[in-house]
Amino acid sequence: MSIRRLPPELINRIAAGEVVERPASALKELVENSLDAGAAQVAVRLHAGGLELVEVADDGSGMPPEEMRLALERHATSKLTEDAIDRVTSFGFRGEALPSIASVSRLMLESRVRGTDGWRIAIDHGEPAGEGPAALPPGTRIRVEGLFDKVPARRKFLRSPRAEYAACLDAVKRLAMARSDVGFTFDHDGRRILTLQPVDPPTRVAELLSHELDRHGVGIDCTREGLRLTGVISLPTFNRGVADQQYLFVNSRPVKDRLLVGALRAAYRDLIARDRHPIAALFLDVPLDEVDVNVHPAKTEVRFRDPAAVRGLIVGGLRHALDEQGQRSAAREQAAAPVMWTTSESYERDVEQERPFAAVREAQTSFTPVGFMPAARAQPAVEPVPSYPLGVARGQVAATYIIAEAEDGLVIVDQHAAHERLVLEGMRAAREGGEVARQALLIPTVVELDEPDCDRLEAAATELAEMGLEVERFGPASILVRAVPAALGTTDVTRLVADLAAEIAELGGPLSLRDKLDHVAATIACHGSVRAGRVLSVAEMNALLREMEVTPRSGQCNHGRPTWVKLGHGEIEKLFGRK
Ligand SMILES: Nc1ncnc2c1ncn2[C@@H]1O[C@H](COP(=O)(O)OP(=O)(O)OP(=O)(O)O)[C@@H](O)[C@H]1O
Ligand SMILES: [Mg+2]
C-alpha cells in the first residue's frame, strides 16, 4: 500500500468537518488506522483520560520514512483509489486524521516496516519538530500529547479526565467488537483495563457487554433480501436508564446512525417504557453499493440506498426474536437472589450501583407493612397443587399483588401490569383476526380538546375504529366518542381520548402505521386494566393466572416491567437457613 495525495476533485467529495473533538475521537482514528494497517494486536495507553497522553501501538504493516512524511499531510491516503469512494471497505479513506490530530497536539509518529530500520517524526502543533532513527518492533506507534493545550476554544469543551476516559473506553470497545479477530490491550494511568485475545464475534461481544446478557439476552440472526443482521439484544425486562450500551455496526464499522437507533427503539415499542433503553450489539451486513459511508466527518453515520428495507429487517427481525421469548421475564431468574426481597434502602443503593438494571430495581419495590389487611380471602393450601406454571392463587397482598402457589415455588404477580398485557395482546389478536369487539356507549360522550388534537384524532379515526374505538369530529374543538373497545369495560372515556391525542401527536414522526397502532393499543390497554388497589376474588385471580399462561409476551407489561416473579422452593429454604 503506498500513500498518495488525493486529487482536488476527490477531496471535494469527502464529507468535510471537524475530525478531532476530544481525546476519544483522536483515539478512535488512531486505532482505526492500526486496524486498516492489518494489525493483529493493538495496544492503547492513556494518561488522564487522554488529555495528557493517547498512545496507540500496533504490529501492522508499518510505513517507510517517506510515507510517514506523506501520512502527516492533509488528504494523503493509501486507502482510496480514483473511483472507489462509493465502495469503501477500510475504516479510513480521507487522509485527514493524522494531520488533524498533529495540528492540535505534540505528536510522535514512529514506524518500522518488517526487515528495515525504524524511523520517527515529531510534529509540534503542525510544525516539524525533528526526525531520526527509532528502535521499535515492526509496526507503528503514535503518541499524542497535550491535545488542545494550545487551542483554548477547544480545551474549554473538554470534560473531566474521568469523562474523557469513559468516552475513550467506549470508542475502544466499539472497535474491539467490530474486529474480534484482533487482540487489544487498554491501559489507563498505568492500570490495565482490558486484555482481549482474538476470538469469535459472539465471545468478544459477551466479554464487553454486561455478563448478565448470558441469561437475559436474545440471539439475533436473520437475513432478508441480501441484508444480514446478527448479534444480541436484551430481553425487554432487562433495560437501562440510558442508551449507552447500544453497539451498532454496518459492515463492521461502528456507527451511531439515527435510522438504526430508531429501528431498535421501534422493535421494543410497547415492550419497554419510553425512558428505558435496551442493551444491544447488532451487526448489519449489506452489499457495498447499498450503503454510503462518506456522509459524516467522523464516519459514524451512513446512508442506505433503501432505508425502509433496513428498518424493516431490524424491526421485524428483533420483534420476531422477542416474541419467541414469550413469557420469559428477567425478574423470574433474578428472583434467585434473595436481595430482591430486601426493602432496606442502603441495600437498594448498593445493588443499583453494581447492577444498574431496571428489573432489579423494579422487583425490589417495597411492600408497605402498615395499614393494610390481606384483602382477598386466603385459599388454604390443603388440596394438591395442580401443575399450572403460575400456580393457584392463595391470596392478594396490598390489593395489588396476587400470591400463588406453584408446584415449584411461590409466585407473585403484579395484577395491573399483568392485566394490562393481557388486554393489549387480546386487542392485538382481535385486530389481526379482523374485528375488535366494541361496546357502543348508551349516550355518546363529547370530549373537548384543542383543535390540533381533534384534527389528529379525526385523521386517525379509521385506524382507531379498527381497534374498537369509534370517534367522530363534533365541532372545531370537540370529538364525539360513540363506542369503545369492549375489553375496556367501564373506563374514563375523556381521559382515554385525551391520552390518545397526546400519543398520536408524539408519534407524529416517521413511524409505520403498524408501529403507531401498537402504541395506541398499548395506551388503550393501560386504561382498560385492573388497577392496582382493586380487590380481586380468588376466582378472578385464578382466571388471570390461567390467561397469563396462554398469552404471548405476558412476562412483562407494556412498559417492560416484569409482571410476575417466582421464588423457588430452594430459594425459600435458603431464606430460612434450611439449606
Ligand atoms: N498505524 C498505521 N500503520 C500503517 N500506516 C498507517 C498507520 N496510520 C496511518 N497510516 C497511513 O497514513 C495514511 C494517513 O492516515 P490518516 O488516518 O490521516 O488517513 P486515512 O486513514 O487514509 O483516512 P481517514 O482520515 O479517513 O482516517 C493512511 O492512509 C495510511 O496509509
Ligand atoms: Mg485514518
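What to note about this one:
- Cα-only Debye scattering, segment 105-171: base-10 log of I(q)/I(0) at q = 0.17, 0.19, 0.21, 0.27 Å⁻¹: -0.75, -0.83, -0.90, -1.08
- 17 Å cut-off, amide nitrogen to a point 7 angstrom out along ASP170 Cα→Cβ, residues in segment 188-225: 208-210
- Cross-link reach is defined here as a Cα-Cα straight distance under 16 Å, omitting same-chain residues fewer than 8 places apart; for LYS574 the aspartates and glutamates meeting it are GLU333, ASP408.
- In plain terms, the chain from LYS256 to ARG274 could stretch by 4.5 nm, reckoned as 0.36 nm per residue minus the Cα-Cα distance.
- Segment ARG546-ARG191, extension gain: residue separation times 0.36 nm, minus the distance between their alpha carbons: 122.3 nm
- Computed FRET value (nearest 0.05) for ARG305 with ILE572, which takes r as the C-beta separation and R₀ as 45 Å: 0.20
- Calculated FRET efficiency, ARG4 to GLU458, Cβ-Cβ distance, R0 = 56 Å: about 0.35 to the nearest 0.05.
- With all protein chains modelled, accessible area of TRP119 [1.4 Å, Å²]: 60 Å²
- Residues in segment 71-162 average 51 Å² of solvent-accessible surface per residue, probe 1.4 Å, ligands and nucleic acids excluded.
- Spacing of the two label points (7 Å from each Cα toward its C-beta) at ARG162 and ILE443, in nm: 6.1 nm
- Separation of the SER537 and THR203 label points, Cα + 7 Å toward Cβ, nm: 6.0 nm
- When the solvent-accessible area of segment 198-319 is split by element, carbon and sulfur atoms take up 53 percent of it, the probe being 1.4 Å.
- Taking all protein chains as they are arranged and a probe of 1.4 Å, the heavy atoms of TYR165 leave approximately 20 Å² accessible to solvent.
- Only protein heavy atoms count here; under a 1.4 Å probe, SER90 has an accessible surface of about 20 Å².
- For segment 192-231, the orientation-averaged shadow of the C-alpha convex hull comes to 3.8 nm² (one quarter of the hull surface).
- Taking each of LYS79/LYS299; LYS28/LYS79; LYS150/LYS256 in turn, the alpha-carbon distance tops 23 angstrom for LYS150/LYS256.
The values are calculated or read from the model by the stated rules, or taken from the named source; none is laboratory data. From a predicted model like this one, the values you see are computed outputs, not experimental measurements. When we count neighbours, we look across all protein chains shown, and the Cβ atoms used for this are built from the backbone with ideal geometry, even at glycine. For accessibility, only protein heavy atoms count, side chains too; no ligands or nucleic acids. Shrake-Rupley method; radii C 1.70, N 1.55, O 1.52, S 1.80 Å.
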